1. With only alpha-carbon atoms in the gyration tensor, what are the semi-axes of the equivalent ellipsoid for the range 392-431, in Å, largest first?
2. For the range 418-425, in order, what is each residue's ³J(HN,Hα) by Karplus, 6.51 cos²θ - 1.76 cosθ + 1.60 with θ = phi - 60°, in whole Hz (x at glycine and Pro)?
3. So, with +1 on the Cβ of K and R and -1 on the Cβ of D and E, and no other charges, what is the size of the charge dipole of the range 261-334 about its Cα centre, to the nearest 20 debye?
4. With axes computed from alpha carbons, what is the tilt in degrees of helix 220-236 against the longest principal axis of the chain, rounded to the nearest 10 within 0 to 90?
5. Which lysines have a Cα less than 26 Å from the Cα of LYS547, not counting those fewer than 8 places away in the same chain?
6. Whose amide H sits under 5 Å from the amide H of PHE269, counting only residues 5 or more places off or on another chain, with H placed in the peptide plane?
7. Rounded to the nearest 10 degrees, what's the angle between the helix 511-525 long axis and the longest principal axis of the chain, both from Cα atoms, 0 to 90?
8. Could you list the square roots of 5 times each eigenvalue of the Cα gyration tensor of the range 466-552, that is, the equivalent ellipsoid semi-axes, sorted largest first and rounded to whole Å?
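What follows draws every value from the coordinates through simple rules; no lab data is involved. Computed from a prediction, not measured in an experiment: that's the story for all the values here. Cβ atoms come from the backbone with ideal geometry, glycine included; neighbour counts cover every protein chain shown.
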Amino acid sequence: MAAHVQPLTKRRATKRSAWSALTSHYKTVSKLHLRQLFADDPKRGERMALEAVGLYLDYSKNRVTDETLKLLVQLAEELGLRERIDAMFSGQKINITEKRAVLHIALRAPKDASILVDGKNVVPEVHSVLDKMADFSNRVRSGAWKGHTGKQIRNVVNIGIGGSDLGPVMAYEALKHYSDRDMTFRFVSNVDGTDFAEAVQDLDPAETLFIISSKTFTTLETMTNAHTARSWSLAGLGNDETSVAKHFVAVSTNAAEVAKFGIDTANMFEFWDWVGGRYSMDSAIGLSTMVAIGPENFRSMLNGFHQMDEHFRTAPFEANLPVLMGLLAVWYNDFFGAQTVAVLPYEQYLKRFPAYLQQLTMESNGKHVTLGGKEVSRDTGPIYWGEPGTNGQHSFYQLIHQGTRLIPCDFIAFVKPLNPLGRHHDLLLANVFAQTEALAFGKTPEQVKAEGTPDWLVPHRVFEGDRPTNTILAEQLTPESLGKLVALYEHSVFTQGVLWDIDSFDQWGVELGKVLAQRIVPEIEDNAEPLLKHDSSTNSLIRRYRKLKQAQ
Ligand code: G6Q
């Protein structure tokens, strides 16, 4: 076990006292309505807000009192959050099941920083890869990098999946405003052939560059898509193998596999085993982002990440944005029994942000055993989901307002629009404020009756309120503010994981399905009828598929 991890006995003892204080406190707080909390403290909305590194968090519409926050902070202290933060930032191997350091914070560290992994400073390597990415991006953007036929590259297709896809897609969509509009960017992830076919159907191979993004360079989906891309590209370029060097580059930790695929390792952008897939959008995995928005904007995004890292590392817990958000998530998950958190960006460019967060939060904290391998004693990772506003208001918000479940929501909005059009932005923001107001305060039967509603209809039109929300307000969606926002959630996830005493950085849960799929592939593809040894359901599904496939 790594040296920084507290002995289990100590952790358990402190855990009991801090959690139990909150358990009895919950009994009082759960009976207090947000209406009352606001009535009792007219300045609550100003007091329970925090501004740091340019992000403003209003957490006043949460079902908490000062005492709740004090106890939650105490819980974090007792469970060693400070030591765990220090352990992560100093490169200790806190991903204990994979025996790896967790250093996405090194990806955005300034040049003069020193972060040691096994005694070696990793910061110079990070900057040398960033410089190589910048040089490449500039050459592609300027047209200096030519395709095999001498044509300029106009299309970039990133092939990757999971952490090697969701970050790049989200960042591209989020920062489209800053991207080179003369270029086309596509993202292929699914092993479903439709994904590839649709992505390239209107592209000219002579103008298309593929970025094969895979940490391991062995992932089934990515390698299948990469080989299909290779054939598609070669077919369009006279089957000249030398064209691969001009139309394929790789982002990986596995030089041997990259070379085996036929990509010159000079065109490989490296990252390291201490970067988890879902924490890699600011590593070389962000190459497509850099080509899209240019190196300067990419560096400004890294700077945003770094500002949030420093805030997280140094701010006292009660004034620490990611810590507060993490503590609130735990409060609802473990005391109110909330199953989910809705993330609702009121910013069209953030349309893929909830999908990105789903991997970040659920792959990280979807764990059922503690660091010591014991069954956890309380629920871990809530389900994160969401859609951009105002669209969701006309669909699933009904359940958030009037359903029987408690769904804490994060509303995200920006003061300045990127596309100012008439009254659009004022209307958008009015909706953010109206939603959090309606969720917190609702509408009482008296108010509904006073509007002249007939008695039979009153219950249907009552809004209980008391639905908790966070509102995150930033000045404008920029590369820098995106970096801050992503780092905010990364560190909130870390905070939650520390409170649950779990490894937020492994992902064994994705393994079993991968292994079983590899076993089934030959059973599906073999011409001879295979001897199937699965359960009766799986066996008959395979037989049915084989039969219908052969009949075609
Ligand atoms: C992320 C996971 C996972 C991973 C993909 C792709 O934290 O590890 O989503 O990113 O399975 O893996 P490769 O980059 O190795 O292809």
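1. Each semi-axis is √(5λ); the values are 27, 11, 7 Å.
2. Computed from phi, the couplings for the range 418-425 are 8, 10, x, 9, x, 8, 3, 6 Hz.
3. 100
4. 40
5. Partners within reach: LYS514, LYS533.
6. ALA250, VAL251, SER252
7. 40
8. 47, 18, 14
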